[in-house]
Amino acid sequence: MATEKATYPKIGRRIWLSMRARFAKSIPTTVTPDFVSSIVEMGDASAKANVLSPLRALGILDQDNKPTELAERWRHDDEYKQVCEEIRKAVYPIGLLETYPEGSPDQHEQIKKWFAKNGKVGDSAARMFADTYILLSQADLSAPDNDAAKPRPAKKVSSPAAKAVAKPASKAAQATAISPKEPPDNQHDNKGHSGKGRLPSVHIDVQVHISPDTTPEQIDRIFESMSKHLGTYIA
């Protein structure tokens, strides 16, 4: 004969605290899937399975989804810890309570293994059972929820100014600008004038690649800097 699986409630911390915060404002006559979806975005089937069912198992709602006397006390901060302890003693077996009385997050792996073994469930279900047990054991309203506690990866920010870099002129152009060659003494132009003493003509090609997200102010600074440095060569 197959051994019947023990069932335990599982509810996410964010849902648990969101529902409690709503109850703190005013207690509804009946908690419906529509009421749940107005607090936590989810469909009717998900609301029934992930909110209404565990709240019934934890004694916050009765079988008609109406708030119980425990729900009235649950919504008050000064009674929250005591209510969580009453729920623990009513829902979980003495073996679990005596083995892990504190229900510390540091014991999560051991508590999960307890549920996997005694509840005869897989890793995912055991983890959620352990999460709910620790949630009730800690009864800490100041602790962040699981999602908020996870560090978020730093967003890479590219600097537009770093992208807008003016490429220097070729080495040949730089050499021409710094050490221009004078024409020989016997060289004449087409009008018979000697080329000696004439300034050479210098041509410099400069390519500027500017990112599309560069601001007009940054573009102005780029060309202002180019004008300053190129003027040094020309002078």
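For Glu102, only one of the following conditions fails: (1) in a loop (DSSP other than H, G, I, E, B); (2) under 30 Å from Phe35 (Cα atoms); (3) acidic (Asp, Glu). What is its number? If we test Glu102 against (1) in a loop (DSSP other than H, G, I, E, B); (2) under 30 Å from Phe35 (Cα atoms); (3) acidic (Asp, Glu), just (2) comes out false. Restricted to the stretch 5-97, the set of helices (runs of 4 or more DSSP H) holding at least 2 residues that are open to solvent by less than 50 Å² (accessible area, probe 1.4 Å) and of a type in the set (D, E, K, R) comprises 13-25. Among the residues of the stretch 65-73, is any touching a Gly at 6+ places or on another chain (Cβ under 9 Å), closer than 16 Å to Ala139 by Cβ and not hydroxyl-bearing (Ser, Thr, Tyr)? Checked against the condition, which is being touching a Gly at 6+ places or on another chain (Cβ under 9 Å), closer than 16 Å to Ala139 by Cβ and not hydroxyl-bearing (Ser, Thr, Tyr), the stretch 65-73 yields at least one hit.
Looking only at the stretch 114-131, decide whether some residue is open to solvent by 80 Å² or more (accessible area, probe 1.4 Å) and farther than 17 Å from Pro9 by Cα. Looking through the stretch 114-131, none of the residues is open to solvent by 80 Å² or more (accessible area, probe 1.4 Å) and farther than 17 Å from Pro9 by Cα.
Taking the criterion of being within 25 Å of Lys25 (Cβ to Cβ), assigned to a helix (DSSP H, G or I) and open to solvent by less than 60 Å² (accessible area, probe 1.4 Å), would at least one residue in the stretch 138-146 satisfy it? The answer is no, given that none of the residues of the stretch 138-146 is within 25 Å of Lys25 (Cβ to Cβ), assigned to a helix (DSSP H, G or I) and open to solvent by less than 60 Å² (accessible area, probe 1.4 Å).
Rundown of residues vs (1) within 20 Å of Lys81 (Cα to Cα); (2) modelled with pLDDT under 95, yes/no style:
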| residue | (1), (2) |
| --- | --- |
| Ala6 | no, yes |
| Lys10 | yes, no |
| Ile15 | yes, no |
| Asp34 | no, no |
| Ile60 | yes, no |
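For the stretch 95-112, the criterion of being touching a residue at least 40 places away in the same chain (Cβ under 8 Å) and out of contact with any helix residue (DSSP H, G or I) (no Cβ under 7 Å at 6 or more places or on another chain) is met by no residue.
The values are calculated or read from the model by the stated rules, or taken from the named source; none is laboratory data. Nothing here was measured: the structure is a model prediction, and the numbers come from that model. Cβ atoms come from the backbone with ideal geometry, glycine included; neighbour counts cover every protein chain shown. Calculation scope for accessible area: heavy atoms of the full protein, side chains included, ligands and nucleic acids excluded. Shrake-Rupley method; radii C 1.70, N 1.55, O 1.52, S 1.80 Å.
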